[in-house]
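Since the structure comes first, as structure tokens, the remarks are kept for the end.
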Amino acid sequence: MAQKTMGVRLEQDIQDRLKRLGEVRDRSPHFLMKEAIEAYLMREEEVEAEKELLKARWERFELTGQTLSQDDM
């Protein structure tokens, strides 16, 4: 997979925090930022997938009017 460099402007206090955490964990700030972005994307993609599922279920309900009773749940 091709890699591309992207710039992110961070306030100095965030840069300092990344550096300190990286030193404690023996990781670079770059590594920590990559991990954080990947975790954020996974979490947000799950949220969007859930929204799509709920939208599809609502559309199916609007078409059919079918529901499940509490007992069936």
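The values are calculated or read from the model by the stated rules, or taken from the named source; none is laboratory data. Predicted model only: the values in this text are computed from it and were never measured. Note that we place each Cβ from the backbone using ideal geometry, even for glycine, and neighbour counts take in every protein chain shown. Ligands, DNA and RNA are stripped out before the accessible areas are found, and what is left, the full protein with its side chains, is counted by its heavy atoms. Shrake-Rupley method; radii C 1.70, N 1.55, O 1.52, S 1.80 Å.
Results, tabulated for the structure shown:
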{"quantity": "Residue check, residue 16 without any contact (Cβ under 8 Å) to a residue 12 or more places away in the chain and on the phi > 0 side of the Ramachandran plot", "calculated": "no"}
{"quantity": "Single residue of the range 2-29 satisfying the filter (of a type in the set (Lys, Arg) and either in a loop (DSSP other than H, G, I, E, B) or loosely packed, with under 10 Cβ neighbours inside 10 Å (or both)) that is modelled with the lowest pLDDT", "calculated": "4"}
{"quantity": "Of residues in the range 30-73 being of a type in the set (S, T, N, Q) and open to solvent by less than 90 Å² (accessible area, probe 1.4 Å), the one nearest to residue 6 (Cα to Cα)", "calculated": "64"}
